[in-house]
Every structure is written in C-alpha cells, then in structure tokens.
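J.: Here it is: the structure, laid out below.
The values are calculated or read from the model by the stated rules, or taken from the named source; none is laboratory data. These figures come from a predicted structure and were not determined experimentally. Here the Cβ positions follow ideal geometry from the backbone for every residue, glycine too, while neighbour counts run over all protein chains shown. Quick note on the areas: whole protein, heavy atoms, side chains included, nothing else; ligands and nucleic acids left out. Shrake-Rupley method; radii C 1.70, N 1.55, O 1.52, S 1.80 Å.
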Amino acid sequence: MNRAELLETLRTRGLSYDPEVKLLRMPLTATYHTALKPDRHPEVYHLLGSSNYAFDLLETGEQADLERASLILHTVVLQQDRDPARDTYGIWPYFYEEPLDEMDRPDWNMADFHGKRLILVLRKHGDRLSAGLVRQIREAIAHACRAIIKRNMGPHYTNIAIMGAFVTLVGGELLGEGLFRDYGLSRLKRFYDFTFGIGTFSEYNSPDYTPIAIRELHSIHEETSLPEAKALASQLLDLAWRMAGEHYHAGTGEWSGPHSRTYRTMLSPNQHGFLAEAMLDETFEFGENVRCPAEYRGLFTSNKPRSFAEPTLAEEQAGYQVYATLYQDERLSLGSFDKGVMWNQRRNLIAYVQTPGGAVYMQLQFLMNGRDFCSAMYAGAQYRTEALFGFNLLTDNGAWHSDLDKIDGRFRADDLRIRLRIGGAVGELPDPVCLDGKRAELQLGGVRLAVQPVLEEADYAELCLEASRDAEGVYLDYVVYSGEEISFDFHTVSRAVWLFALAINEDGRLPEVAVAGNSGRVQAAAVYGAETISVSLSAAPGPTLERFRSNSVQLPSSAGARV
C-alpha cells in the first residue's frame, strides 16, 4: 500500500484504540479456545490485533505514532507467560480481559503469531525504540522460541510449521542464538521433505491458510541470511503458487475446491485483494510485497478445461490416504475429496458455477441442529462434473468440532439432515424442482444441478426431500430426522448409510448407477467407457480411523494425469 492508504487504515483502526488500556478494542469473533461469549463480551481488547496495529504505526515514521506503538508493545509483551515452569510458558492469551488460565483451551499458536510480529518490529524499527522496550521484546522473542521448540509441531500443520520455522530461524539470527537458528533451519528442512514427499501441502488447498503459508515462506526468504533457507523457501513458494493457480477458477473468480480448511465458501474482499496485488509487477512502499512468480500467473486467467487428482496426506503417518479431485472449465468447477468428516471448515464436495446473475456455489453439508456435523463421515468419487457420494456415521468423534466438542456417538438433537446448499448470487435462480424418487434439480445458468439418493439403509426413517430458499441461498435437504428433541446413540445403530448420485451438466442427466449391498457394506458404481468410479461404505457406525480405512473409493484410472 502507499502512504495515503496506510494512514487511512491507521485512522480507521485508531478509532478502536483505548488510551487507558493501551490496546485496540475489537468485536469478539473467535469461536475456538476462548470461554468468552459474544452476548456478554461483544468487544474485547485484542492482543494480536493490537500488535499488528503497533507495527503499522511504526511504519509511518511519525513520533506520535512511535509513542503510541511503544505503549501498545509494552502492554502486549507483559501478557506473555514468562514462567518456564508453566505449561503455557511462552504463549499469549487472545484477549487482555481473559488470562490464559481462564481460556477454554489456550492456543499455543500465539507463540508463533506474536513471535513473528515482534521479530519484524525489531528488525525494521528496533533502532527507534527505547533500550528498555527492546530488551523486553528480545526476551519475549526468546520465550516464544523456547515454547515453539518445546511444542515441536510437526510438518503436517502447514502454516504453523512454517511460521514456527520463521520465528526460531530468524529470531535466532536476530538474537544471536545458534540453538534457535539451527532448530529453525532443521524445521524448515523437515517441512520441505515432508511436503515434497506428498507433492502438496497436507493442509491442502486452503483459501485461508495457503495465503498465510505464502506470506510466511516469503518472510523467510526475505528475512533470513542463510542461503540454504532462502533456497528451500523459494521452492516451497513455487509449490504453493502452483497449487493456488491450479485451483483458481477464472470463470467465477473463486478458489475451486476441495478445501481442507476454509472459514467461508466464497473469497472475501481481502482474499481477492491478496491475489490481485500478487499479480502486480510494481512494489509498494508499505506492506509485504508478495508477488506470484511469472510462470504461474497464467493459471489465474486461463479458462481451458483442467482436471487432476492427487494425494493429500503422508499415508505412512496418517494410516490412510485422502485424494483430492478437481475438474473445471469456463463455466464451472467441481472439486471433491474421496474421504473426510463433515467439519464446518472442510469442503468435501464443492462446486462453483457462473450464472447470468453472478457466481454461485454448491456446498454439500451434513447438519445436526443446523450446524455442520463432524460425526458424519463422507466418501465420494468424481468423474469430471459427476459424482457418487455417501455418508456413514462415527462413534468416537465430535459434534461441531472433532476435538473441542466430543460426543462419541451419543447426543440429543431435534434435526439431522443432508443438505446441498446453493449460495452466492442466488437472487435470479429459479426455484428447485423436486421429482419422483427424491430427485432434485436446479437450473444454474447454462447448466443444471441434479441429485438423487441411489441407496439408503438406516435404522432411522426413510429420507424425506425438502426444498427451500431465503435471501442467503437455496437448500435441497434430505431429512434424516426432524421433530422433538430425542437421544441418539450411534453405538446401538446397526445400519445408517446413504448413497447419492450428483451431476452438473447441460440437461441434469445423472449417471447410471449400479448398487449392491450385503449385511455389512453397500456400494454404488458408475461406468464411463473404460473408466469406473465407485463408493463402498460400511453400513454400521464405527470409529473414525477405522472408517477412513474401511470406506473404499475407486477414482478414474486417468484421474492422476493433469489436463
């Protein structure tokens, strides 16, 4: 950004500054880790947001901004746990009014996020800060480095694996601590070997976290003095940009699926801005100046048909493999994983379509009381714009989160349903059509979405199809249960499995599907010339790891070839 943009951003954010507390007061948006609730704490003193604000104040070079930034940084540094005997040593709480001991679960990632910001404060503006504050910040960075080393997060957690490498590598160089520096370089090497061993990031194709990974790798490349670290970061940046470019759908301006983690289904203005700025050749006075390599920029503008499938996990470590498939052309994209739990941050089956009214998306969900339900296991196979998919249930997972909201297959609810949610520019879409056999269709511009159950075997009632719409979307729901709140116990269920066929094409034609079943499994298969796709699921609920292993999916033999 230029100076005028920086000053306007600071003016707006400065309206939230509290000179008594010396922090920004911001809306409470966090849902994990904090015990605070928006109804009682609609606004909070946000520590990381305040640190970022302080860094931007320093960028102006103005004395008044330096003084305010110094007050903020002093306040933030004091909130770190600096007691090596405590489990939370080296990390920060989210909010000033919620100490670490009062959080639902402290977030160890805060050592990484705060550590990086404080390192950049010292590297870029340390000569302007008081000696006392510099000493405090150096001590805080050292505490953060020790916490990161103690935690020793593995390379599967993409953005934190990279950010922790930055903090310890560059922090070690800044502090003159060889132990930190050497750990950071070793961690970066380990992440490099792990990632290229798979061929992609295990935090696969995340519209939220891939840009973070790109920024962190860019920071390593720019800030470290070690040639080996620069070379590793450069190759990892190439991989990240290729993945982002291959999944960008020029026809809708959206980031195609499937997504391992995302907080929204369509790109935000900030995400669009990140991609747009990355395509520029010019550099700005302020900001990170992250740029996409020239050889990958054409991927973001091409409308040529594109398809591929690839593994997303280190199988020997996970104990199973998950494949991601993508097809896209000028009009639409369809992306899917072959397996996954139905977490609200995961998009196991997701399509984007350009319509006369604008871009729309189609997202598959499994809902319990209106929220995405982690104890539903998805499995699916995709051939171009058609798919077979199904669900069975889990006895050891969570409700809205696999770890933070464990229910282990026992809970009370008044609604369970499988939903195809169509969102985006839905204002001009016609109403969906519901046909015999529980088939639903919806015209999406020049193509037609069609879906139909092909097999259902459950101790619960037969699926009931409901179609509805509101200002936010159109909904095609297959209701498992809706009524008074009752108790569910997946441990006592003998059969609970559903299989569907889906297509997005000119006439809504669904694939011809052969189904089969026995006492323990069900299967659906479709043939496309020499290619076959199939999904075979265990009929009874079971443990998550066992279902990842026992649910069987056959992808097209040509799926691995990039077209």
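J.: If TYR378 passes every condition in (1) open to solvent by less than 10 Å² (accessible area, probe 1.4 Å); (2) within 18 Å of SER260 (Cβ to Cβ); (3) touching a residue at least 60 places away in the same chain (Cβ under 8 Å) but one, which one does it miss?
T.: Among (1) open to solvent by less than 10 Å² (accessible area, probe 1.4 Å); (2) within 18 Å of SER260 (Cβ to Cβ); (3) touching a residue at least 60 places away in the same chain (Cβ under 8 Å), TYR378 violates only (3).
J.: Assess whether ASP56 counts as being within 16 Å of THR9 (Cα to Cα) and within 27 Å of the chain's Cα centre (by Cα).
T.: So ASP56 fits the description; yes.
J.: For residues that are in contact (Cβ under 8 Å) with a residue 24 or more places away in the chain and not in a helix (DSSP H, G or I), tally how many sit in the stretch 169-198.
T.: Here the count works out to 1.
J.: Is there a residue being open to solvent by 60 Å² or more (accessible area, probe 1.4 Å) and either assigned to a strand (DSSP E or B) or under 29 Å from ALA539 (Cβ atoms) (or both) anywhere in the stretch 435-450?
T.: yes
J.: Would you mind stating whether THR75 is in contact with an Asp or Glu (Cβ under 6 Å, 6 or more places away or on another chain) and either part of a helix (DSSP H, G or I) or on the phi < 0 side of the Ramachandran plot (or both)?
T.: On the way: in contact with an Asp or Glu (Cβ under 6 Å, 6 or more places away or on another chain): no; either part of a helix (DSSP H, G or I) or on the phi < 0 side of the Ramachandran plot (or both): yes.
No.
J.: Return yes or no: is ALA425 modelled with pLDDT of 95 or more and either closer than 29 Å to GLN328 by Cβ or buried (at least 23 other Cβ atoms within 10 Å of the Cβ) (or both)?
T.: Taking the combined requirement at face value, the residue satisfies it.
J.: Are there strands (runs of 3 or more DSSP E) fully within the stretch 451-563 with at least 1 residues that are open to solvent by 20 Å² or more (accessible area, probe 1.4 Å) and charged (D, E, K, R)? List them.
T.: 464-469, 473-489, 521-528, 531-538
J.: Then there's this: Can you tell me which residue in the stretch 22-70 is farthest from ASN109 (Cα to Cα), limited to those that are open to solvent by less than 80 Å² (accessible area, probe 1.4 Å) and β-branched (Val, Ile, Thr)?
T.: THR60
J.: So, one more: How many residues does the stretch 389-418 hold that are under 20 Å from SER482 (Cα atoms) and either open to solvent by 40 Å² or more (accessible area, probe 1.4 Å) or assigned to a loop (DSSP other than H, G, I, E, B) (or both)?
T.: Total satisfying the criteria: 7.
J.: Please state which one of ASP403, ASP408, ASP459, ASP470 is out of contact with any Cys (no Cβ under 8 Å at 6 or more places or on another chain), among the acidic types (Asp, Glu) and either more than 22 Å from SER375 (Cβ to Cβ) or touching a residue at least 60 places away in the same chain (Cβ under 8 Å) (or both).
T.: Testing whether each residue is out of contact with any Cys (no Cβ under 8 Å at 6 or more places or on another chain), among the acidic types (Asp, Glu) and either more than 22 Å from SER375 (Cβ to Cβ) or touching a residue at least 60 places away in the same chain (Cβ under 8 Å) (or both) leaves just ASP470.
J.: When the residues of the stretch 97-150 are narrowed to those that are in contact with a Leu (Cβ under 9 Å, 6 or more places away or on another chain) and among the basic types (Lys, Arg), which ends up nearest to VAL76 (Cα to Cα)?
T.: ARG117
J.: Answer with yes or no whether VAL322 is open to solvent by 10 Å² or more (accessible area, probe 1.4 Å), β-branched (Val, Ile, Thr) and at pLDDT 95 or above. Show your work before the answer.
T.: Numbers: open to solvent by 10 Å² or more (accessible area, probe 1.4 Å): no; β-branched (Val, Ile, Thr): yes; at pLDDT 95 or above: yes.
When the stated conditions are applied, VAL322 does not pass them.
J.: Taking SER268 and the conditions (1) crowded, with 18+ Cβ neighbours inside 10 Å; (2) within 27 Å of TYR323 (Cα to Cα), which numbered condition does it fall short on, given that it satisfies the others?
T.: Going through (1) crowded, with 18+ Cβ neighbours inside 10 Å; (2) within 27 Å of TYR323 (Cα to Cα) one by one, SER268 breaks only (1).
Here's the yes/no breakdown for (1) touching a strand residue (DSSP E or B) at 6+ places or on another chain (Cβ under 7 Å); (2) crowded, with 22+ Cβ neighbours inside 10 Å; (3) of a type in the set (A, V, I, L, M, F, W, C):
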site: GLY335; (1), (2), (3): yes, yes, no
site: MET342; (1), (2), (3): yes, yes, yes
site: GLN345; (1), (2), (3): no, no, no
site: GLY357; (1), (2), (3): no, no, no
site: MET368; (1), (2), (3): yes, yes, yes
site: ARG371; (1), (2), (3): no, no, no
site: ALA387; (1), (2), (3): yes, yes, yes
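J.: If you go through the stretch 87-136, how many residues are more than 28 Å from HIS218 (Cβ to Cβ), in contact with a His (Cβ under 9 Å, 6 or more places away or on another chain) and in a helix (DSSP H, G or I)?
T.: Qualifying residue count for the region: 1.
J.: Mind listing just one residue for me: the one in the stretch 199-212 that is part of a helix (DSSP H, G or I) and at pLDDT below 95 and, of those, surrounded by the most Cβ atoms within 10 Å (Cβ to Cβ)?
T.: Within the stretch 199-212, the match that is surrounded by the most Cβ atoms within 10 Å (Cβ to Cβ) is TYR209.
J.: Now a separate question. Could you check GLY132 against (1) open to solvent by less than 40 Å² (accessible area, probe 1.4 Å); (2) within 23 Å of HIS46 (Cβ to Cβ) and say which number it fails?
T.: Failed condition: (2).
J.: Just one of the numbered conditions (1) under 22 Å from TYR323 (Cα atoms); (2) touching a residue at least 40 places away in the same chain (Cβ under 8 Å); (3) under 20 Å from the mean Cα position of the chain (by Cα) is not true of ALA240; which one?
T.: Going through the list (1) under 22 Å from TYR323 (Cα atoms); (2) touching a residue at least 40 places away in the same chain (Cβ under 8 Å); (3) under 20 Å from the mean Cα position of the chain (by Cα), ALA240 breaks only (2).
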